[in-house]
Amino acid sequence: MDGEAPLSVTAITQTIKPDIYPEVEDEATILLTYPEAQAIVQASWNWPYNRKDMEVYGKSSAVTAKEWTQFGSYSAEQKWEYEELAPLSAPYHDPFAYFAAVVREEIAYDPKGLSSLENNLIVMQILEAAKQSVATGTTVPLKTP
């Protein structure tokens, strides 16, 4: 969302496999609200296979990314089109390599980058609000519109 924190966070958790994860929740759904969008984050330790995917839906189009290797786009005129993605090049492929390259001034720091301090502070704010939402059973406001 271009570096913007959500307006609010609502979260629910469950323990689906208490025999394997008796001390923690292994399933979470987090709803983020933005002025003109919603995001649903599904986090789980209990799925039968590894998943790293994302889907974004717009008014007349959609995009999807699967396992860091495939990008798809949809429009009413063209339907689905997919392309294979090349792996990220160094140092962007690894947050520690990225950090080292910034410190060494080998690359410019991007405050809106995925590994940026600014982005990670928003992520931490979301996760703390999600924990509060689970504990209270309420939606947690982060900022006013």
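Brief remarks follow.
- Members of the range 119-142 found to be out of contact with any helix residue (DSSP H, G or I) (no Cβ under 9 Å at 6 or more places or on another chain), open to solvent by less than 80 Å² (accessible area, probe 1.4 Å), in contact (Cβ under 8 Å) with a residue 12 or more places away in the chain and not β-branched (V, I, T), listed by number: N119, Q125, A129, A130, S133
- Count of the range 104-118 residues, restricted to those that are open to solvent by 90 Å² or more (accessible area, probe 1.4 Å) and modelled with pLDDT under 95, is 4.
- Exclusive hit being part of a loop (DSSP other than H, G, I, E, B), surrounded by 10 or more Cβ atoms within 10 Å (Cβ to Cβ), free of Cβ contacts under 8 Å to residues at least 40 places away in the same chain and not small (G, A, S), set N46, N50: N46
- Within the range 8-18, considering residues that are in contact (Cβ under 8 Å) with a residue 12 or more places away in the chain and either polar (S, T, N, Q) or surrounded by fewer than 17 Cβ atoms within 10 Å (Cβ to Cβ) (or both), the one nearest to G113 (Cα to Cα): S8
- Every residue from the range 57-77 that is charged (D, E, K, R), surrounded by fewer than 13 Cβ atoms within 10 Å (Cβ to Cβ) and under 22 Å from M1 (Cβ atoms): K59
The values are calculated or read from the model by the stated rules, or taken from the named source; none is laboratory data. These numbers were taken from a predicted model, which means no experiment stands behind them. Virtual Cβ from ideal backbone geometry, glycine too; neighbours counted across all protein chains shown. Each accessible area value is taken on the protein alone, full model and side chains, heavy atoms only, with ligands, DNA and RNA left out. Shrake-Rupley method; radii C 1.70, N 1.55, O 1.52, S 1.80 Å.
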